[in-house]
Amino acid sequence: MKLAIVVQRYAADIAGGAELHARYIAERLARHASVEVLTTCARDYITWKNELPPGEDTVNRIRVRRFPVSTPRNPNTFGALSRTVFEQPHSVADELRWLDSEGPTSPDLIQHIRHQADAFDFFLFFSYRYYHAWHGCRAVPSKAILVPTAERDPALGLSIVAPIFRMARALMYNSHEERAIIEHISQRQGPGVIVGVGSEIPEHPQPARFRRNHQVRRPFALYIGRIDENKGCPEMFAHFQRYAAERPHGLDLLLIGSSVLPIPKHPRIRHLGFLSDEDKFDGLAAADLLIMPSQYESLSMVALEAWALGKPVLANGRCDVLKGQCIRSNAGLYYESFEEFVNALFLLEASGPLGGILGRNGREFFRRHYSWSVIEQKYLDMFRRLSTEPAPAVEPLPGFFARRSRVLPPAAAVVAAAPSGAEPA
Amino acid sequence: MADSWRESSLMSDINVRSESVDVEQIMRQIRARIREKRGADYTEAELQQLATVKLEKFLDPRGLRSDMVQQFRQKHEASPPPPNYEFEENTLFETHRGLLRAFRKLFRPLLKLFLNPDRITTALHLQSRINAQAEERWQREMLSYELLHNMTLEVTRLGIEVHNMKMRVESLSSRVDFDERRAKALEGVVQYRTPPVARQAPVASDTADAPGVAPSETDATGERRRRRRRRRRRPGGTMADAQGQNWTEQQGGDSAGDADDSGDAGDEPEPQGSTES
């Protein structure tokens, strides 16, 4: 079997969620099939500037083929078009312009996919909202498998994405909540499975080494990820500062990851910067719990890693996916206000009554649903199933005049009208 | 202080005794507790809105102006309101000359032929009344302003008092918090034993309660315990570390004594490796 993984960026040191997800899946599926990655020369997800050389490359023994981005993103144009399609009545043509402006616009990549359609059994497209996934799915609909990595963001409400969800041969979801909203918006009824992604969990992380290397002497809660407004960090800082004032003997907060946001100067908040995977796992093992303040997640890999190491998670309850995972795993609590934050934090401390039990549940949840053998098997079962089922018909785009008619509702309103909340298991 | 205590006791209500937990149930308990504490079920957005009201600007003791009423009066005196003018039905035709008054009266029907002076009279009469009411309102405003001023002073004073109380509550709450934390840690590690010998023997000192300890040994044991009381947790060690290790208290006969020590703020259990024996 020959598989193509199509993703917006690909390199060993790119730590973005969907990109890392794609790399893990490529490396795992390479044990069962011949895998080639098709991607762009971009490294920066904001500008999509061509930084890597076009052509063939090998990353962790996986063959990678890169194509140049024809037009880097213009943030002003993209911002203006985003406001138009997300907040105002608009047309299909506006949405297509928005898609082009978002990028990474690489017609060469799409051309290659079209020409090499017969060379692969299936194309796995990652991240529904980008240029490569939309045009790629339309180029090879009979072989397209989409890994949407969708969050509850306004792009889901665009009228052009629903046909892509419907025409893909299969959807590999990250969570029950993602599946529910996509099926609601697109009315899709085809094959789909909730898979997610595993992680390379070290067998013997060393918490003592982490404490020694980073001079950590007090119990602490850990945040791992980009320190960014979109990740809910300002709210986490505000809550934690109030918590620290109320509980002088409580936990410290340690932050791992690059920061694009000023971090409050507080004696109990420490930023350790970007750390190696080894350090990260040592830190997780040393932590009392992991905090996940993000409101927009399709799957939190770091939460899964915390559970794999038997650590409870305190998640933002406004994120349906995280809340749903906490409930289904019985391995984490969630908050929607400061009071909930402080109460949950108290209960989850290692010296508290719950932390240990939830951690054990998390370990079991990870083993049952996110161990690599389970994930690989779900992909292989899907490939087997699709090879025997007929492909659905391709939906054409609206005609010239219909495409220009500004009758589509604001995408944000479409998403807001979709049902929300954690899904039962 | 009462709130802190209640919170601490409610925290212990959620202590989990079994391995199976229900996260949704725990969250319901947390929310019920928060509602009970607040007294009313405000949403976070409502609380944020309340918190953003700029009361501090008025209530900041450093910025408080004690001569506000005086300044208000001075401002009023600097630009006094214009005098009012009584305007009745005949005001328009009034004169002290009798002949002129007679002429005006005579030709009033003729005037009314060209314009309607009644409307002007009515409008000006109303304006006069409005001016009179404004003057009354001004007097009332003066009273309200004075009242507001006094309230501002009072609220500022209360604000300072609340601030002081908050600091005290915070200090007490931290002590309660620490005790709670230590109690939880002890619950997990101490094995309570009720030695029958100790119950039967009428002894004066609690150190003699330890089973198998000869009277001659009690002094040495007591000395060790006093030393242990003075020690705090190892630097660098966390509760997580502590829980994962064996404890001397689980093995020896000191458990009763340690349980008695629970009121001592500086006392925490120590791992076996660092305990004297």
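Across the residues of A:330-339, average count of Cβ atoms on other protein chains within 10 Å?
Taking the mean over all residues of the peptide, I get 5.
Could you work out, residue by residue across B:21-29, how many beta carbons of other chains sit within 10 Å of that residue's beta carbon, and then give the average as an integer?
Per residue, the number of nearby Cβ atoms from other chains is 6 on average.
Within the P(r) computed for region A:289-372, what percentage of the Cα pairs occupies the region above 22 Å?
In whole percent, the share of Cα-Cα pairs in region A:289-372 beyond 22 Å is 14.
Would you mind giving the mean number of other chain beta-carbons within 10 Å of the Cβ of each residue in A:11-18, as a whole number?
The mean count of partner-chain Cβ atoms within 10 Å per residue comes to 0.
Check which residues have an amide H placed less than 5 Å from A:Ile5's amide H, if you skip close sequence neighbours.
Here the answer is A:Glu36, A:Val37, A:Leu38, A:Leu124, since their amide H atoms fall under 5 Å of that of A:Ile5.
Using the alpha carbon gyration tensor of chain A, what are the three equivalent-ellipsoid semi-axes (square root of 5 times each eigenvalue), largest first, in whole Å?
Ellipsoid half-lengths, sorted descending, are 37, 24, 21 Å.
Can you pull out the trypsin sites (Lys or Arg not before Pro) in region A:61-158 that DSSP calls coil and that have at most 10 other Cβ atoms within 10 Å?
A:Arg61
Relative to 2.2 N^0.38 Å, what does the C-alpha radius of gyration of region B:89-184 come to as a ratio? Two decimals please.
Against the compact-globule rule of thumb, the ratio is 2.77.
In terms of modelled amide H atoms, which long-range or inter-chain residues lie less than 5 Å from the amide H of A:Ala315?
A:Met292, A:Leu333, A:Tyr334, A:Tyr335
How would you rank A:40-53, A:156-169, highest first, on the average number of other Cβ atoms within 10 Å across their residues?
A:156-169, A:40-53
Specify whether the C-alpha gyration tensor of region A:207-368 places it in the rounded, prolate or oblate class, a ≥ b ≥ c being the square roots of the eigenvalues: rounded for a/c under 1.5, otherwise prolate if a/b is larger than b/c and oblate if not.
rounded
Along region A:16-25, what does the Karplus equation 6.51 cos²θ - 1.76 cosθ + 1.60 (θ = phi - 60°) give for ³J(HN,Hα), rounded to whole Hz, x for Gly and Pro?
x, x, 5, 5, 5, 4, 4, 5, 4, 5
For a quick protection proxy, order the peptides A:195-202, B:28-35 by their average other-Cβ count within 10 Å, most packed first.
In decreasing order of mean packing, A:195-202, B:28-35 become A:195-202, B:28-35.
Run the reach check for A:Lys311 against lysines, Cα to Cα strictly under 20 Å, same-chain hits fewer than 8 apart removed. What comes back?
Filter leaves A:Lys280, A:Lys323, B:Lys184.
Determine the calculated [θ] at 222 nm for chain A from helices alone, applying -39500 (n - 2.57) to every DSSP H run no shorter than 4 residues and normalising by the residue count; nearest 500 deg cm²/dmol.
Result for chain A, helices only: -12000 deg cm²/dmol.
Hey, what angle do you get for helix A:92-102 against the long axis of chain A, alpha-carbon based, 0 to 90 degrees rounded to 10?
Compared with the principal axis, the helix lies near 60 degrees.
Report, in degrees rounded to the nearest 10, the 0 to 90 angle that the Cα long axis of helix A:338-348 makes with the longest principal axis of chain A.
Once rounded, one gets 70 degrees.
Rule-based calculations on the coordinates, nothing more; no lab input. Worth saying up front: this structure is predicted, and the values here are computed from it rather than measured. No Cβ is skipped: glycine too gets one built from the backbone with ideal geometry, and neighbour counts run over all protein chains shown.
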